[in-house]
Structure formats: C-alpha cells, structure tokens
Amino acid sequence: MSDVMEKTLSALPSLLSLDPGAKLSAASKLGALIRGVTELASKQDEEKLIKKELAALKEQVSAPTTSLKQMRECLVRLIYCEMLGYEASFGYIHAIKLAQQGSLMEKRVGYLAVSLFLSESHELLLLLVNTVLKDLQSTNLLEVCMALTIASQLFPPDMIPAVLPLVEEKLQHSKEIIRRKAVLALYKFYLIAPNQVQHIHDKFRKALCDRDPGVMAASLHIYLLLIKENPGGYKDLTRSFVTILKQVVGGKLAVDFNYHSVPAPWLQIQLLRILRLLGKDDQITSELMYDVLDESLRRAEINHNITYAILFECIQTVYTIHPKADLLEMAAKCNGKFILSPKINLKYLGLKALSYVIQQDLNLVLQHQMTIIECLDHSDPIIKRETLELLYRITNAQNVAVIVQKMLDYLRQSKDEYITISLVGKVAELAEKYAPNNEWFIQTMNAVFSVGGDMIPSDIPNNFLRLLAEGFDDEVEDEQLRLYAVNSYLALLEKSNIQYPQRFLQVMSWVLGEYSYLKTEAKVEDVIRSLHCLLVKSSVSLETKAWILNAITKLFRLTLNVEVLPEVMQTCGNSMDSCLRQCSFELKQLVENREIMNTVLPLDKSCDDIVVDASLSFLDGFVADALGGGAAPYKPHHQRQEEKLSQEKVLNFEPYGLSFATSPQTSSVTGRQSPTGLSFSSEISCNSTEAGLKDSDSLKLDGVKKVWGKEGYLRKKKESKEETVASPNSEGDVTADCTFTAEKTAGLSAEEREKQLLASSLFVGLGSNNLVNLMGKTQSTTQKFRRKSKIVEGQNSHERTMSAQKAIVPPLAEIPSLMDNVLERCNPFQESKENLLRKTTSDPPDVSSEEPAKESGESWTPSNNLQTSRAVPSSKESVSGLFADGNFDIVQPANCSSALVAREPISGLTPSLPVELAEHSHSKFELVCANENIALFSCKVWKADCLLIILFFTNRSSIEVTNATINIALTDGLEACESTDFPFPLVESLTTVRCQLCLQMTKPCARVLLTGCVMYHLESSQCTQEEFALALFLTDFIRPLKLSTEEFGHLWLSLSNDVKQNLSFTSNSPEALNLALRTLQQELKLHIVDIIGAEGIAACQLLSSTSCLLHCRFHAGVLSVWLRSGCGVLPDCLLYECQRVIRKVPL
Amino acid sequence: MIKFFLLVNKQGQIRLSRYYEPMKIHKRTLLEADIIKNCLPRTKDQCSFVEYKDVKLVYRQYAALFVVIGIDDTENELAAYELIHNFVEVLDKYFSRVIMFNLDKVHIILDEMILNGRVVETNKSRILAPLLALDKMTES
C-alpha cells in the first residue's frame, strides 16, 4: 500500500473515538462510556462501570417517557456493553420494538441490534416476523431494504413460507439494490431451509442473467453452494460463467466496481471457484474455460496484492480442472512469482499454492527447493508451518527421516495445542507408513508421545498398540519390534528424573506387561520394580496407575518370585481409589492361584477374542436357590420404571401376591442378573483398563490390517532384490541431485552448502524421471512391502475428498502398483489370500462376509494386471509423468490407445429383468454410462421392503471383458444391505451381466446422487474406468403404510415432529380432496387410511421403518396439509413432495 | 467463509465485533483475548496471517487500530487482507464529513459488505448508498 494512503488512513482511529470538538449530542453518551472504559486500569473496574451503566440503561429503556431517538442511543450503548462481554438481555425486546415502531435510522438501528443480539433459534425472533412482513410491503424503499437485510441475516426457518412470496416478488423490482438484497435473502433461506426454496431455482437463473452486475454477483453465492453439492447439475451454465468472467476481466464493468484499478476482484475470485468445481474431472467442460483462464493469468500484471489473490485462485483452478499443458506452465510460472517474492504474505500464499499444486506436479517442488529450505528456517512460525505442510505431502520412504525430524523440531518449540495435535498426528501417520526400520519407528513414536504430551489424541497410542499387538505376517519380525520397544521403554524408565506424559506411561506399561517375556536376559522382578517405582509417584494419574498395576499383574504371571508383591500390595491395597484397591486384591488372589492366573492372563493373547458369558449362566444355580427361598425375580430397570409409572396412573386390580407365584425355573431365565449385578459391575470397573485394551476397538478391530513394519525385515530378506530394483532409481537420483547441486555450490559458504545438503535429502526421490503422483504416494518404494491398513486407507480417502482436486490421476494408477506388491511378496499367506480373493470374485454373496479380502483386492486378476503395467510403453511423457509412480510402469487410460477399434453398438443387447423382479413395479431401463466397448444400464425396482437398483453391465465389444468391477459409493443417508462392490471376473463378448444393490434411506433427503465407477479390462490390456451417477429420489423410498383409522389415531399422538402448510387450490369442488388424495396415493405411494367429509388421512413409511402420517383438510379452496413423523426432516421433505404433486392435480 | 470481523485498538480493547457464526457471549470474550494476544505483538515484517485453532486470522494495522478477520480454509487470505483495506477505504470515504463516534453506522456499513460470512458487495458507492440515503432522509 502506498504511503499516501497509509497517511490518510492513519487518521482513521480518530473516526472511531469521540472528537473532542463535537457537540454533546446523543452519541456522545456512548463516547463518554467508551472513554470511561478506555481510561480504566483493571478488569474489575471495567466490570463495575459497565454493571452501573447497564443498570442505568435498564431503567431508561423501560421508562415510558423514553423517546425512540433516545431508545436508539440506548441500544447502541447496549450493543457496546454486550460487545465487551456483558449480557444485556433485558434490551432485546426493546430492539425488536424499535425495529417495529421507529422510522428510518431508528428502525435500522433496531434491526441492527436484533441481528447482533439474537441467535437464529431465539424465541423473540418470532416477534420480528410481522415487522419484516410489514416492511417488505412498505412503499419506502429503505424500509424494504432493511427488511431484506435482516431476512438475509437471521430469520426463523419455519416462518419462511410467510415471507417467501413477498421476497420472490422483489426479484422483479425495478431497483437493483432491492433485487440484489432479495437474492441474498433467498440465499439465506437456502442455507437454513433448502427445501423451502427448491421451487424457485428458475428464478436464481434469472438473477444470474440480471442486467445489473450486482444482482448477478449475489446469485453466484447460491450457485457456488448448489454446484458444490451437485456439480453435474449445472454444467450447462459453464458458458454463462465463462462469459461473465470474460467480461469482468476485459474491464466491461463500470469503473466503480474496480478496486485499485482491478475490475471486481472478489467477483473474479468467486467465478474462478465456481469454474473450478465445474471443470473438475470433466474435460469437455474444462475446455470451455481454457481461454478465459489464459486471459486471467495474462491480465494480472499489476503488482498489487489483489491481483495476487486472483492469481492464487487461477492457479488452483488450472490445477484442478482437466489439465492443459501451456496453462499449467503459466500457472507454475505465476506460482514462482509468489514464492520468490520478498513480501512475506505472498511467500506464504505461494507455499500454500505449492502444496496444492504438487499434488499434480512434483517438479515444481524441485524448482523451488532452495526457497523451501529457507522457509523451513523462517523466523515466522506460520511460514514454517506451511512449509511443513508442504513437506508432509511430498514425504516418501527416502526422505521420511529428515522430514519427520523437522516436524519434531517444530513441535518441540510450539506451544499451541491445536497445532501440536494436528502435527503429532501427521508424524505418527508418516512414521507408520514409511518407517525405514524398527529402531527408527519406536524412537520416533517415543518422541511423538513425549512431545505430544497429554494433548495427544487417544487414537495415536491406540493405533500404535494395535500395531504392536496384532503384528504382521512374520512372527520373528513382530517379536523383534516388540522386544525393541520393551528395551527402549526399560531404558527410558531407568532415567529417574524425567516425567513422562500419562499416555506415554500407559503405552509403556501396556507394552511391558504384554511383552516383557520376550526379553529373556532381564529379570521380570526388575521390570516389576521399575514399574512399581511409578506407582508411588504423585505425578502419575490414577488412570495411569491402573494401567501400571495391570501390567504388574501380567508380569507376575511370568515369575514365581513374589518378593515385590507385599510392596505392591502396600502401595495399592490401601489406595483411596477403589479401582486400584480392587485390582491389587485380584492380583493377590491370582498370585496365590496359578491355575486361574494362567487362564485369566494368557501369554501374548491380547488380540484373541475373549468369550464372555454375558448371560452369567454359571450363576443359574444360585439364582434358582434364591428364588426358591422366596426372593423376587429380577426385573430390568426400564421394566421397573414402567411398572412404577403405570401403577401410579391406574388402579391395580390384580390380586396381591400373584407375582411371587412364578416358578423358579422360568424366572431363572429372565432374572439371572439380579443377585450378582453388583459384583459383576464392580469387576468390570476394576478391570476397566484391561478390558478396555482387550475388548475395545482400539486393539481388536476385526479385519483391520496393519500398516507398519514390513520393510524392516523384508529389506533384509530381499536385500539383493531391493538393490537391483529400487536403489538404482533412488541412488541415481541422489547422485544426480548432488552433482547438480555440487556444480552450483562451488563458491558457496558452508551454511549454504548445508542447505544444499538438506535439500538433497529432502527432495530425494522426487526427480523428474521419477515422478511420484500423490495418489500413488502411499505406494512408493518401500510401501510395496506393506499391507495397507484400514486406517490409512481411511485417511487417504479423506485426503482425497478434502482436496479432491488431485483426482486427475485415476485411481487405477495405483492398482497395478498394489498388485505388484502383492505378487512380489508371494508368501504363502498372500497366496492363500489371492485364492480367497478369486473365490470371492466369482461368488459375490461371499464378498460381504470376507471383508479383508475385499479390502485388499477389488477383483482384478493379478497376472493380467502385471502384464499390463509392464507391457505398455510410456510413449506420452507429459501424461505419463502425471500418472506414473516412481517405480512402476505407466498405465495409460484406454482412450489413449489406438489398438482397440470401436464397435458399433449391438442392438440385441438390451437388458431385461428376471421374472421374479419383473413382477414388482419398476422403472424403465436407463443408460447410465457407455463407451464403445461397454454400456451400463440401470433399473429401479420398488420392492416392498427396499429399493433395488439393478445394474446391467453389457459388453458390446467383440472380445471378452475381464475383471470388471462396479463400485458404488454410498452417500450419507443411504444404506446398503450388502457390499457395494460388484466384481465380474469375466464377461463374454456381446453379453450382459447383472447385479443388484438393495438400498434403504436412513436420512430423508429429497434427492440423492448415487455415484459409482465401472472398471474393466479389455483383452488383458488396459484398465478402463467409467464413472456414472444415478439420481435417487425420496419417493423411491416411500412405501404405503397400511393402517386402520384407530391405529392411525394412536400413532398420530405418539409422533412429535410435524409441519403444516396450506396449499391453495384452484378448484373449489367437493371432489378436490378426493382427487388430491388419489394423486398423492399414485405419485407418492401413500396409503389412504380414511376420508371423512372434508378431511382425509393417509400414511406412508420411509424405508426401512420411519413412518409418516398425513392429515389433510379441504376448505374454501385451501388444502391444509399436516404431516407428522418420528423423524425430524421427513415431514419437511414430504411436504415438499406434496406441494410438487398437488400442483399436478388435474382440475 | 468469514467467521468474524473485529476492530481492536492498540491497547487490546475491542472497538467492534461481528460474528457470522453463533457464539456465546463469554466464548467471544475468551476468543477475542486470544486473538489480541496472537496478533498485536507481531512485527511489521511478519506475515499478516496467523493460525488460530481451525481459523486463519488475517489482520491489518492502521496506526493504532487493528482490523482482524477470521476465515476458514476455503477463503483466500490475500483477498481477505484486501477486503479489510476496502472496508477501511469505505469508512474513510464516509466519515470524512462528520467525525464522531458511530458504532451503529460502522456496523451498517459492514452489513452491506459482508453477510453470512460472504463478501456480498465491494463497490464503494453501492456499499454506502443505503446509509447515505438514510442520512439524507433523517436530515430532512
């Protein structure tokens, strides 16, 4: 910013304080108050002053003599008090009153105070609705403006129907400001109650085409939201957005839209964001915007922050949409301008852009490696943080040690809890993924636990322990890792003066308790002693002590020497904590009875399921005896409660004593738990830590596979292979880097050289011939020896959705590489798994039961795949660079290949429904996706208990399709009965295969998009992927609910969520109700329960079990519809459907 | 989106606050104290963006006055930084004629620029139009 501007603005603070020369007007009371507060020394004084002020204000606002003008002044002071943190709720009602009664400025301040004081759910807000209604109808434009402003700030969602017609009407107003504010109010309505404005989407389009740029710009807020939710639905608008951006960039707007000579920068940013969403993964749409992006990048030559803000958005858009070489080059150049800028704000944004861009192009990191090194040591922590974020994304097995070290260094300096938590998680993730060996892994995790302290999220220690406990395929290797951990912890505990965080101590004690037996040379007693030392420390929390005592208990199993026992008993037997006390007594009992001890605490069985006799059948005899002795049978808590309630309400006509007559045999079944309930529960609580470890998800998630620990031993085992395969690549790069740097460093200082050295260790493995795409990042060199874990996959997929833009690389690129892994390993276990996998592919129903197998391989034939990935030459460098993962060969998308000749579609291949399904009502066949080789049709079958989606996969080519997989991604709110992956190992030429998906809707929603993809191989060559989407509607899941009128009545009273609305009807004929209900029955599949006179009731259910009741009454051309359900959203959604359907009623 | 907009003086006293997400009064004061602690001591050569929990703080200093915007990760820091300046330029344009304390009017101006955490208007004359009209009507 220029100095001149700086000076003008330096006068600003005086604007916000009282000018001494001003007359003692009303506003000066606020001035006096502010001055008073400013001069105070302490918080206590401030509190005193404000309390006094509030008391005075309270009196003044409620005095009848206070004029509206004075009221405005009072409210401003109240706003000020609340801003300082002192609640002024007594003034809320006066704010509403002022908005109601005041005129112009007073009214505006009234509205302002309301918007500052009240939250969306505040009950007083209802009182405002009438005022807004009145002002919307006012002839004074300023009042209309105010009403629209408040409606777009906060409005009770259920009152929207009351004002909606008036707001809609304003969209046609002659003044731009009214139209603009109406659009913004609709945007707000869309935010808080999307269903209410679904019918006015056409009007949004009109707003987009408004002759005034302000109105158009306002509509973009709605479109950004709509497109984010459903990018596919608005592709037709791409041209419009492009044209608008072209005009803005070309300077076609009025000059007053300029900001520092840049035309409407915020509008440009908004448009670039929309284009990004539209062009993602869509080549055709992307092509429409290449020109304007090119222009935007070129036009931004003015050296001002705001141009850089636009450029930043441009870079992101260019790297998100379907790539175009020269645009990418320009964007990369731009990114360089940011990073190399001496201005720190630009540098920061440059780093941020770079971490976005490297998801596609790692070369850019190499270009800027020295700058990144400098940023890593920047004095401003935020720059460092952003650099670490960048490094996190380029981590591979070769640079992991350096990067993790840098992260830990940062963590040691940072005090911020939020940053620590997020960074600690990243370190743990990288350590698990890329650890080079056991020692490094354990030491890194030690550092994580020490640095993370007690802020560390519990899933990190849990995952770590699970890793240790579940082990890997190789027992020997597992034991080495565990032994290393034991050794390392024993060494740490020997250092007496260090306090470790609780979670770290818990991890240590668990590991020592479980795995000390591996350390044969150490005496168990010594381990017990060092753990016992912790028990007496006051810095150790009770929870941790319970962990420690559990570990000690386990250790006593290993030794017959009970010398230390009395000490332990002394420490814990007298503990104030009942849990510790109980545990110590258990320990004593167990030590005395070795047989029980060995069953209760088996060695190395932490992963085994424990069979718990939850019915406590072993107590049956005891219960029977008690009942025989006259004890009352046990009733569960809720039953007792119910009986108590019903007894209070109704007289009991049952003869007394009958309840005792039940025979012991029958009651022993129902009332087993009562006599032992107490002891049982106490046992649970005492064993909580152990039970927690053994039973909770943390250690025993079925089917979870481990991530870490492979390459340690495999490296040893496969040393020779490793050297021949991996190291030439990587070593080659290092040396290349080094020579490159060496040339340059000839005359540099030692410090510089150090940086160069750091650079070569950081950016190793990122060479240009050795590009790692981010999707494939997780499968880089050493990763190949590792099984993937669910957790990591979860994180990956999260990553994917978070920055979904990286998806330029089709997921198939990682499939061959994964396959490589599997094949190269070839150990017996994997072999059997492969077989299993094949079995599951040929037998779909098994898939769901065999989760692990499904997880690891989504139905491909390994041999085929391998050939593919090896055979295809990397002809297109530019493309292959993006798709290739360092060590693996390139897979080219099928459309690049010329080997396959497109076939004419075969008409005889139309799908047909099997007889058993055809008898249900079903939709027409719909083509969901197709190319020259395959076609996918869908058909909805509305079964009584679910929605069946039948997918028909047709092979239209003349050769067979192998390893086809249809994979469907379920969105939130949908639930499938079984797996959503459908493998087809072989589809003969010109045949159609079929699969079905059974769906339920768990969260009501008017429309959901079901997305999925088909992957297949043609003649053992390329793997091709096609994506598709299917729209599902609420009505697909609605089924009639057959009820009698009485049942309806009962159910009606038991349901709590309801909505009511009047729908106007053009006709007034008595038949109208009948007609309306019949239409509802037809279209929404409602069941008409009864029609009496002018009222009708109907019922339906949302699959699988949410019922919804409808009551409607026809009177004087208005149909009042009243819906009730047990689910909050359902009535809203259904009401919307009713509105839609009723409009269609033929009258 | 923009989560909040604050004006703070050099002594760390709040001069204006507007939240675009519901937040309890006492939480606001705690948050403001943290923000002041995080932004005010920073030097001129440090970055104008600060990480605070899941919010990115973008601040700008005008003599004794700090303007701080809290944004989430979908926003562009630099655009927010310039938005502050645009706001200040609007204030400069409006208040050059009548200099006195006007908490309500600053709020009215801000409401024209930002609604629901979105930038809805940046054209200076359009931002001021409703307020100027109100002034004119009130005078007459």
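When the Cα convex hull of the range A:1005-1147 is projected onto planes of every orientation, the mean area is 10.7 nm². Modelled label positions at A:LEU917 and A:GLU389, each set 7 Å beyond Cα in the direction of Cβ, lie 4.7 nm from each other. Exceeding 24 Å between C-alpha atoms, which entries from my cross-link table qualify? They are A:LYS337/A:LYS755; A:LYS203/B:LYS105; A:LYS69/B:LYS105; A:LYS943/A:LYS1042. Long pairs (Cα-Cα over 24 Å): A:LYS203/B:LYS105.
For the residue pairs A:LYS175/A:LYS1003; A:LYS415/B:LYS10; A:LYS235/A:LYS940; A:LYS188/A:LYS252; A:LYS415/A:LYS523, alpha carbon separations beyond 31 Å are given by A:LYS175/A:LYS1003; A:LYS415/A:LYS523. Is the range A:245-383 rounded, prolate or oblate when judged by the Cα gyration tensor, a ≥ b ≥ c being the square roots of its eigenvalues, rounded requiring a/c under 1.5 and prolate requiring a/b larger than b/c? Taking the square roots of the gyration eigenvalues as a ≥ b ≥ c, the range A:245-383 is oblate.
Listed from fewest to most Cβ neighbours within 10 Å, the set A:ILE1092, A:ILE227 follows the order A:ILE1092, A:ILE227.
Using Cα-Cα distances under 8 Å and only pairs 6 or more residues apart, what relative contact order does the range A:223-323 have, in percent?
32
For the pair A:GLU123 and A:LYS228, label points projected 7 Å from Cα toward Cβ lie 3.4 nm apart. Computed extension length for A:CYS533-A:GLU39: 172.2 nm, one decimal, from 0.36 nm per residue of separation with the Cα-Cα distance subtracted. Taking every alpha-carbon pair under 8 Å whose residues sit at least 6 apart, the range A:312-360 reaches a relative contact order of 41 percent.
Need the C-alpha centroid separation for the range A:574-635 versus the range A:1104-1147, integer Å. Between the Cα centres of the range A:574-635 and the range A:1104-1147 lies a distance of 56 Å. For the range B:1-113, what class follows from the C-alpha gyration tensor (a ≥ b ≥ c being the square roots of its eigenvalues): rounded when a/c is under 1.5, otherwise prolate if a/b is larger than b/c, else oblate? Rounded shape, in that the Cα axes give a/c under 1.5.
The trypsin sites (Lys or Arg not before Pro) found in the range A:378-474 that occupy coil by DSSP, while having at most 16 further C-beta atoms within 10 Å, are A:LYS415.
Neighbour counts of C-beta atoms inside 10 Å place A:ARG299, A:ARG276 in the sequence A:ARG299, A:ARG276, starting with the fewest. Applying the criteria of a DSSP loop state and at most 12 other Cβ atoms within 10 Å to the trypsin sites (Lys or Arg not before Pro) of the range B:88-140 yields B:ARG97.
Using the rule -39500 (n - 2.57) for each DSSP H run of four or more residues, divided by the residues of chain B, the 222 nm mean residue ellipticity is -14500 deg cm²/dmol. Each part gets one Cα centre, and for the range A:509-543 versus the range A:109-187 those centres are 67 Å apart.
In order along the range A:269-275, the phi-based Karplus estimate (6.51 cos²θ - 1.76 cosθ + 1.60, θ = phi - 60°) of 3J(HN,Hα) comes to 4, 4, 5, 5, 5, 5, 4 Hz; Gly and Pro are listed as x.
Compared with the alpha-carbon gap, the fully stretched path from A:SER958 to A:ASN363 is longer by 210.0 nm at 0.36 nm per residue. Among rounded, prolate and oblate, which fits the range A:306-461 when a ≥ b ≥ c are the square roots of the eigenvalues of its C-alpha gyration tensor, a/c under 1.5 means rounded, and a/b larger than b/c means prolate? Verdict is prolate for the range A:306-461.
Applying a DSSP loop filter and a limit of 14 other Cβ atoms within 10 Å to the GluC sites (Glu not before Pro) in the range A:262-366 leaves A:GLU301. The distance from the alpha carbon centre of the range A:230-282 to that of the range A:348-379 is 28 Å, rounded to a whole number.
If you bin all the Cα-Cα distances of the range A:917-1061 at 10 Å, starting from zero, the percentages per bin are 10, 35, 28, 15, 7, 5, 0.
Neighbour counting of Cβ atoms within 10 Å sorts the residues A:THR149, A:THR1045, A:THR371, fewest neighbours leading, into A:THR1045, A:THR371, A:THR149. Taking every C-alpha pair closer than 8 Å and separated by at least 6 residues, the mean separation divided by the residue count of the range A:953-1045 gives a relative contact order of 31 percent.
Bear in mind that the values in this text are calculations on the coordinates, not laboratory data. Bear in mind the structure is a predicted one, so any value in this text is a computation, not a measurement. Positions of Cβ are generated from backbone atoms using ideal geometry, with glycine treated the same way; all protein chains shown enter the neighbour counts.
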